[in-house]
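So the structure is just underneath, and the comments pick up after that.
Every number in this text was worked out from the coordinates using simple rules, so none of it is lab data. What you are looking at is a predicted structure, and each value in this text was computed from that prediction instead of being measured. Cβ coordinates were reconstructed from backbone atoms using ideal geometry, including for glycine residues, and neighbour counts include every protein chain displayed.
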Amino acid sequence: MATQNPARPRRRGHDPESVLSIAVSVFNERGYDGTSMEDLARALGVTKSAIYYHVPGKEQLLARALDRALDGLFAMVTDPRAAAGPAIDRLEFVVRQSVRILVDRLPYVTLLLRVRGNSATEQAALERRREFDRFIAHLVKQAAAEGSIRADVDPALVTRLLFGAVNSITEWYHPSRGATADDLANTLLTITLDGLRTPTP
């Protein structure tokens, strides 16, 4: 009887989640506009036709990726802790959760922050971002009206600076550096909100 050859190791197949994860990595490295389907196929180790088995095209991958980031933010906005109570406490909760979401979904949030509105998908994502920004600005204004935030600072400027600091985490943070999401949030809140609070007499 002939000896059978050992079975060749099978190439690991891809599911929609792994396709999305690798695509986001390539988008972040090359830029969405600079990424072709050939680039994605090469990164996945498959043919272009194999990608189309999972997704109709590149823009659908972008849409799924941006939704992954935005859905996390909007789930937080509907949390009771963001909807009721003193505005300063709600703002603190939103900042803390935003940092946690950013760390948990870092590649997706990074991609979201880099879109420029060059397609209908990007424009829709930017509009959702603006809606989130309006929610934050309203919270800051409420905190100012309640006397929790210093009266000598501009609420609009506070909103931009506060979430500019949150978003900047995508430019330098890596989990291997040891800082946890809570470490980042605690430090950010100490630097920002503690300085914004109205001094206690």
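Find how much the distance from Asp104 to Ser18 grows on full extension, using 0.36 nm per residue of separation minus their present alpha carbon separation; answer in nm with one decimal.
Working: separation 86, 0.36 × 86 = 30.96 nm, distance 1.63 nm.
Here the answer is 29.3 nm.
What length, rounded to one decimal in nm, is gained on full extension from Trp172 through to Phe135, with 0.36 nm per residue of separation minus their alpha-carbon distance? Working shown, then result.
On the way: separation 37, 0.36 × 37 = 13.32 nm, distance 2.63 nm.
Answer, rounded to one decimal: 10.7 nm.
Calculate the tail of P(r) for the chain: the fraction of all Cα-Cα distances greater than 30 Å, expressed in %.
Working: 6980 of 20100 pairs.
That fraction is 35 percent.
Convex hull over the Cα atoms of the range 131-201, averaged projected area in nm²? Walk me through the numbers on the way to the answer.
Numbers: hull surface 22.2 nm².
About 5.6 nm², averaged over all directions.
Positive end of the charge dipole of the chain (Lys, Arg +1 and Asp, Glu -1 on Cβ, about the Cα centre): tell me which of Thr198, Ser21, Val158 has its Cα farthest that way.
Ser21
Mind listing the phi-derived Karplus ³J(HN,Hα) values for the range 169-184, rounded to whole Hz, using 6.51, -1.76 and 1.60 with θ = phi - 60°, and x for any glycine or proline?
4, 4, 7, 9, 6, 9, x, 5, 7, x, 6, 8, 4, 5, 4, 4
Please name which of Thr47, Tyr32, Ala69 has its Cα lying farthest along the dipole of the chain towards the positive end, using unit charges on Cβ (Lys, Arg +1; Asp, Glu -1) and the Cα centre as origin.
Towards the positive end, the residue furthest out is Thr47.
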